[in-house]
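Contents: one structure, followed by commentary.
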Amino acid sequence: MAYGPHTSADRARMLEAIGVDSVDQLFAVIPPAVRAGPLALPRALTELELMDRLRRLAGRNRTELVSFLGAGVYRHHLPPVIDQLLLRGEFYTAYTPYQPEISQGTLQTIYEYQSLLAELTGLDVISASHYDGATATAEGALMTCRATGRGRVLISRGVHPQSRQTLATYSAGAGLDLAEIPLVGADPRPGTTDLASLAALVADPARPVAGVVIAQPNVLGLLEPMADAVATAHAAGALVVAAVEPVGLAVLAPPGAYGADVAAGEGQPLGIPPQYGGPYLGILACTDALVRQIPGRLVGMTTDVEGRRAYVMTLRAREQDIRRERAASNICTNQALCALAATIYLAALGPGGLRDVAGTGAARRRSWRRRWRLPACRACTRRHT
């Protein structure tokens with residue numbers, strides 16, 4: 001079967017136009033030793049034969065093994081209700097709800113996502129949503145620069161390497177000054193962010209800091225002294241971005257409780273399968289004071305002219321709506337479906353169920369550490385700020 005759109009007559013006319021006799025003559029300048037040879041393809045298979053071959057090849061994969069790569073994307077139990085609702089045609093085909101009159105269902109699900117994440121993070125405003133946790137973290141750092149008018153960002157080495165690399169890319173394009181905060185190498189808190197170094201970096205009057213990015217828990221699985229870090233940053237006029245793990249928020253203090261201005265994280269644990277690397281869900285939240293700086297999609301609840309409850313996109317900071325130089329555009333249409341999956345997951349589990357999931361993960365971590373005789377985190381079982 002030919003997959004090209006050109007007929008033999010088309011090819012003959014093109015060869016005549018460029019003055020050669022054959023396609024092979026076009027490649028005569030390439031030494032024969034480096035030319036591609038003929039494809040040694042096996043005979044064609046019937047559909048049944050092909051399916052049988054693919055099943056045998058797939059059966060050679062080891063899918064029961066547990067990944068210990070760390071700080072990545074993992075398989076989680078997904079309640080069947082997620083797929084049953086998520087794949088309904090009303091949700092699966094929905095586009096960005098520009099026209100609220102015909103998009104009330106989609107707008108309501110986004111509003112419910114925002115409400116659930118606001119409760120989980122303890123912050124006022126939720127964007128729905130971003131490509132993944134790394135880009136959401138980078139967007140949160142850019143928010144601090146816009147809000148403060150400063151151009152320097154500090155990020156802890158305890159933040160996921162992908163987030164650090166993504167922020168480095170964003171910073172280079174935006175002309176920002178990015179510096180990393182080292183980790184403590186010895187007691188009293190080895191592996192956590194060095195607060196003394198943080199204090200020294202934010203105290204430099206010649207290079208004022210816009211934002212400080214710290215993960216809770218950090219990439220090593222340790223809990224950071226977030227309240228102390230926030231106080232240090234705020235004393236210097238800098239804002240704080242907490243890079244969070246959403247399931248952990250069921251048992252750890254939420255970012256709003258220790259004064260973080262922005263929270264960002266990867267929402268894949270909230271009902272989204274690994275699905276070969278994406279799409280995933282970038283969580284981004286902030287205080288009400290930063291609502292004009294947050295990129296993405298915001299949905300509000302109001303009433304229509306007849307007094308009925310209605311939902312509408314609001315405060316759109318897109319270049320289609322405001323001046324381009326003031327835009328904070330990062331609306332990700334395909335991520336609305338991932339946000340819906342997270343909404344169904346959180347609603348199905350409820351607060352108690354999410355705490356059980358977090359507790360089960362912590363218990364398995366302790367069991368694994370005992371098996372391999374690794375030192376345990378001294379504070380991993382208590383609520384921590």
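Please enumerate the residues belonging to the stretch 2-31 that are open to solvent by 100 Å² or more (accessible area, probe 1.4 Å) and part of a helix (DSSP H, G or I). Correct list: Arg11, Arg13, Glu16, Ile18, Asp24. The set of residues from the stretch 118-138 being in a helix (DSSP H, G or I), at pLDDT below 95 and either polar (S, T, N, Q) or open to solvent by 20 Å² or more (accessible area, probe 1.4 Å) (or both) comprises just one member, Thr135. Taken together, the residues in the stretch 187-202 that are touching a Leu at 6+ places or on another chain (Cβ under 8 Å) and aliphatic (A, V, I, L, M) amount to 3. Among the residues of the stretch 244-271, write down those that are more than 20 Å from Val357 (Cβ to Cβ) and touching a helix residue (DSSP H, G or I) at 6+ places or on another chain (Cβ under 8 Å). Gly256, Tyr258, Gly259, Ala260, Asp261, Val262, Ala264, listed by residue number. Please find, within the stretch 235-253, the residue that is surrounded by the most Cβ atoms within 10 Å (Cβ to Cβ) out of those that are over 19 Å from Thr192 (Cβ atoms) and of a type outside the set (A, V, I, L, M, F, W, C). Looking at residues that are over 19 Å from Thr192 (Cβ atoms) and of a type outside the set (A, V, I, L, M, F, W, C), I get Pro246. Scanning the stretch 199-227 for residues that are buried (at least 20 other Cβ atoms within 10 Å of the Cβ) and assigned to a helix (DSSP H, G or I) gives Leu201, Val202, Met226.
The residues on offer are Val219, Val202, Val240, and the sole one that is under 26 Å from Leu117 (Cα atoms), modelled with pLDDT of 95 or more and not small (Gly, Ala, Ser) is Val240. Can you find, within the stretch 285-316, the residue that is surrounded by the fewest Cβ atoms within 10 Å (Cβ to Cβ) among those that are under 22 Å from the mean Cα position of the chain (by Cα), part of a strand (DSSP E or B) and not β-branched (Val, Ile, Thr)? Of everything passing the filter in the stretch 285-316, Met313 is surrounded by the fewest Cβ atoms within 10 Å (Cβ to Cβ). Scanning the stretch 228-242 for any residue that is part of a loop (DSSP other than H, G, I, E, B), within 17 Å of Ile155 (Cβ to Cβ) and of a type in the set (S, T, N, Q) turns up nothing.
On inspection, Gly105 qualifies as farther than 29 Å from Ala289 by Cβ, open to solvent by 20 Å² or more (accessible area, probe 1.4 Å), of a type in the set (Gly, Ala, Ser) and not in a loop (DSSP other than H, G, I, E, B). Would you confirm whether or not the stretch 183-198 contains a residue that is under 21 Å from Val291 (Cα atoms), in a helix (DSSP H, G or I) and open to solvent by 50 Å² or more (accessible area, probe 1.4 Å)? No: zero hits. Candidates in the stretch 139-174 are the residues that are surrounded by fewer than 22 Cβ atoms within 10 Å (Cβ to Cβ) and among the hydroxyl-bearing types (Ser, Thr, Tyr); of these, the one that is nearest to Arg189 (Cα to Cα) is Thr166. Annotation: of all residues in the stretch 257-284 being touching a strand residue (DSSP E or B) at 6+ places or on another chain (Cβ under 6 Å) and part of a loop (DSSP other than H, G, I, E, B), the one that is most open to solvent (accessible area, probe 1.4 Å) is Asp261.
The values are calculated or read from the model by the stated rules, or taken from the named source; none is laboratory data. Everything quoted here is computed from the prediction, not taken from an experiment. So basically every Cβ, Gly included, is an ideal-geometry build from the backbone, and we count neighbours across all protein chains shown. To get the accessible areas, we keep the full protein, side chains included, count just its heavy atoms, and leave off ligands, DNA and RNA. Shrake-Rupley method; radii C 1.70, N 1.55, O 1.52, S 1.80 Å.
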